[in-house]
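Let me begin by presenting the structure, written as structure tokens, before commenting on it.
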Amino acid sequence: MMTMTNEPLKILSVYKWSTMGGVERVLLNRAHAFKLHRKSIVQHVYFFEDGGGLRAFKEYIATHELSDYIKVVEAFVPEYYDVILPIDTPEIFEQMSDYGKVIMECHTSYRENRQYVRKLPESIGGLIVPSKNFKNSIMDEVPLFLRDKVKLVRNCIPGLRTSSPIFSPWQKTPLAYVGRIDKLKNIEEIFQIFASAVKRFGDRFILVLAGPIINEDIDFEKMVGDYGLLGRIVYLPPVRFHKVPLLLDMLKFGKGIFLSSSKSESFGLSVAEAMAHGLPTVLSDIDAHRELVEDSRRYLYRIGDINEATDKLAELLDNYEFHSGELEQLSHRFGADAFVRDWLDALELTR
């Protein structure tokens with residue numbers, strides 16, 4: 001393992017654009033872990049473009065007093081850093097020559113967006129992935145010379161709680177999804193599960209969705225009409241970083257259930273965050289979800305089997321506090337301790 005000295009390790013994370021998405025949350029969560037463990041690390045972040053989330057990103061750092069552990073820089077100066085961690089951003093290779101200090105992070109579950117993995121240079125330091133199952137699933141895409149340098153660095157879920165008074169703004173039980181709304185995330189199946197729940201249990205639910213809608217992939221408004229969701233759905237745009245814990249706590253206060261019908265995930269960050277807040281979950285039976293819940297069939301349903309998903313939902317509603325506690329306990333595996341161990345092991349790749 002790399003030994004941390006009094007001299008801070010200088011690390012640069014690079015991402016194409018700053019939004020209010022999962023990658024940015026991963027970087028902020030890591031800063032929380034460094035702060036908790038008092039690690040002597042200078043983690044700078046460089047975004048090629050501001051995708052609308054840069055101000056919120058900087059405000060979060062200031063509000064949570066993380067400036068000693070993470071900082072946004074305005075220029076890409078690779079010579080200054082000991083380790084460079086581009087996240088699904090191979091464009092950096094056009095702007096530097098010392099590839100040995102680069103450890104690429106592959107987080108995207110969209111196969112078409114990770115074609116770059118097949119073309120990574122032989123002199124690269126290594127490759128980082130966020131979950132065991134994702135590592136296994138992409139290994140055939142990794143060049144042979146790189147396969148023994150693929151490291152697991154689990155995403156860190158700090159389990160932050162809001163200091164604001166908690167209440168539920170919904171009179172009905174919320175069934176919720178937070179994340180990107182597109183075809184891969186299989187949002188139509190969430191609509192089908194909701195419609196099935198209303199048919200079986202009556203008009204006692206409200207569907208709460210939060211995240212960017214990818215209109216090229218789906219016709220969101222048409223689906224809302226087709227499944228009779230007018231007046232039964234609350235749509236929230238992408239939630240600012242510091243508001244995510246508040247939203248999850250509100251859902252928990254309202255005895256809500258978190259749904260994910262995704263066809264593919266590299267980790268399942270929003271599900272892990274929901275678990276950390278004690279939200280019971282109904283999840284599609286994919287590798288990433290199985291890993292999150294340790295293969296427990298209580299929380300998994302076969303994609304396309306709406307009746308099975310509705311049965312799972314009924315069980316969670318009937319035994320809400322039990323499942324809430326079990327999933328929150330499982331989420332401890334994604335805490336700061338596990339992340340820091342993985343992190344230090346991965347950094348050995350550049351030695």
| message | If I filter region 46-58 down to residues being of a type outside the set (Ser, Thr, Tyr) and assigned to a strand (DSSP E or B), which single residue comes out as nearest to Leu28 (Cα to Cα)? | response | Phe47
| request: Please tell me if Lys101 is of a type in the set (D, E, K, R), over 23 Å from the mean Cα position of the chain (by Cα) and surrounded by 13 or more Cβ atoms within 10 Å (Cβ to Cβ). | output: yes
| request: Could you figure out which of (1) modelled with pLDDT of 95 or more; (2) within 23 Å of Phe241 (Cα to Cα) isn't true of Trp170? | output: (1)
| request: Collect the residues in region 248-276 that are within 25 Å of Val198 (Cα to Cα), touching a residue at least 24 places away in the same chain (Cβ under 8 Å) and within 16 Å of the chain's Cα centre (by Cα), keeping them in residue-number order. | output: Leu248, Phe258, Leu259, Ser260, Ser261, Ser262, Lys263, Ser270, Ala274, Met275
| query | Looking at (1) assigned by TED's automatic domain parsing to the domain that holds Gly126; (2) in contact with a helix residue (DSSP H, G or I) (Cβ under 7 Å, 6 or more places away or on another chain), can you tell me which one Ala346 breaks? | reply | (2)
| query | For Val77, are the conditions met, namely being of a type in the set (A, V, I, L, M), surrounded by fewer than 14 Cβ atoms within 10 Å (Cβ to Cβ) and touching a strand residue (DSSP E or B) at 6+ places or on another chain (Cβ under 9 Å)? | reply | yes
| request: Confirm whether Val42 is at pLDDT below 95 and within 19 Å of Met96 (Cβ to Cβ). | output: yes
| Long-range neighbours under 9 Å by Cβ, at least six apart or interchain, first residue outside the structural domain of Thr108 (by TED's automatic domain parsing) within region 134-148, second part of a helix (DSSP H, G or I) and loosely packed, with under 14 Cβ neighbours inside 10 Å | none
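The values are calculated or read from the model by the stated rules, or taken from the named source; none is laboratory data. The structure presented is a predicted model; accordingly, all values stated were derived computationally and were not measured. Every residue, glycine as well, gets a Cβ built from its backbone with ideal geometry; the counts of neighbours run over all protein chains shown.
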